[in-house]
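The values are calculated or read from the model by the stated rules, or taken from the named source; none is laboratory data. Since this is a predicted model, take the numbers as computed values, not measurements. Every residue, glycine among them, receives a Cβ derived from its backbone with ideal geometry; neighbour counts consider all protein chains shown. Note: accessible area is taken over every heavy atom of the protein model, side chains too, but ligands, DNA and RNA are not part of it. Shrake-Rupley method; radii C 1.70, N 1.55, O 1.52, S 1.80 Å.
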Amino acid sequence: MALFATILLSMVLWWPGGGIAQREAPPLPPPFCGELPAADCQLLTDAQELMSGVSSMNMALALDANLRGIPEIADEALTFGLNLDMTMHLDPTLNETMRTITLRPPTELLATLDEFSALVIEFYKTFGLRMEMEMALPGLLRDALAANEGVTLPERIAVNMRMVDGYAYIDMDALAASFPDLRASLEAEGIDGWIGIDVVRQMERELRGSVAAPDVSTLQSMQMSMAFNQLMTNAEMRSLLDPYIVVERLADEERNGAPVAVFRTTLDLGDLVSNPDFTQLLRQAADAMVAASGEEVDAQELGTGILGAQLLANMLARAAEFEIVQTVGFDAPYIYDNNVFLQLDLSGLLTMAAMSGEELPTELRGARPIFTFDMNASYSDFDAAPAVEAPENVEILPLDSMDGRDMDVIS
């Protein structure tokens, strides 16, 4: 298990509505409201504030990502699916403190990693999770791995795990049902049912230096992630985006017999990338990422990169669609649904490649690949989710049996 991967996971842990009012730092910007009436905007603001204090909930998520429009490849061969059912418990105050710390400049946060690492450990001591996940892998990916790497993956992979009192538990029977070869190996080792890993103690061992330090690339990834998160809360960046974000109130619906308001947020990518302000947005993003990397970048190379990014963005934005649909309760403004849809016409990438003189593979000539991403999440049992219990008859793996450089209990 890599400590820095765990820290990164904690930083980006998504909790709907989380990360608004901060007691130890200036409050983050309010939600985008567009031209909504003041009462509707207040409802969205109240929803964020209420959700940031939720200590437990259930979440059901369905995600589909697809690439179609390549004549010689069936659409289903390029489809990824994910279904997730989760119960989560956390300490809102601790989570808020962690988010506040991640608002620090990347270099400052990296200089105080001991403080943040201690918070991460405390987070995992109190974090409760029950997760049942099933993934459907693209056929083309599975065929390529089989042909080039000799790795055979099933069409579907099931993963069941829990986290209780600092221990991560993994259902090996569920994994073995997806991987017959794994079942044979587990039987040979005498392993069945659930295994447990003491995540907190392993992290503490790493902090004491008993495990090799993370490599430079992991450190840089962490810095880049922090820089991006902070960039998206920057007031100037948000002011550049604001004119291109449209928020509208749709017809009311019901959830569990109670009325809910429905809001749709769309981003006009075409107008955004064609506006001169977009160059400024790219420049700010590039400067933030360069600063986070700690490396010196030639100004001319940076300018060329920004120009290329703008050209690519113009090609991708021509027929792009992006929307978020949320449902918010009236009596108690919880967020009950959060649905995200993105569609991109990738023909511009092929055009760009052809312009550069690159020879396209036969199956891509004349293709018009369309990428879609569709995620639908629903939430329930706010502050009343069932307790997460450790499974029975668990085999706890000794810490000394794990190689800290390679073992990642989170993945």
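Taking the average, over residues, of other Cβ atoms within 10 Å as the packing measure, peptides 153-164, 43-54, 185-196 rank 43-54, 153-164, 185-196 from highest down. Here the extension length gained between Ala299 and Asn339 equals 10.4 nm, from 0.36 nm per residue of separation less the Cα-Cα distance.
Here the accessible area of the stretch 253-374 is 54 percent carbon and sulfur, with a 1.4 angstrom probe and all protein chains present. Peptide packing for 345-352, 84-91, 383-390 was compared via the average number of neighbouring C-beta atoms within 10 Å per residue; ordered from the highest value, the list is 84-91, 345-352, 383-390.
Accessible surface for the stretch 120-172, divided over its residues, is 48 Å² per residue with a 1.4 Å probe. Taking the Cβ-Cβ separation of Asp374 and Asp277 as r and a Förster radius of 35 Å, what is the calculated FRET efficiency to the nearest 0.05? E(calc), rounded to 0.05, equals 0.75.
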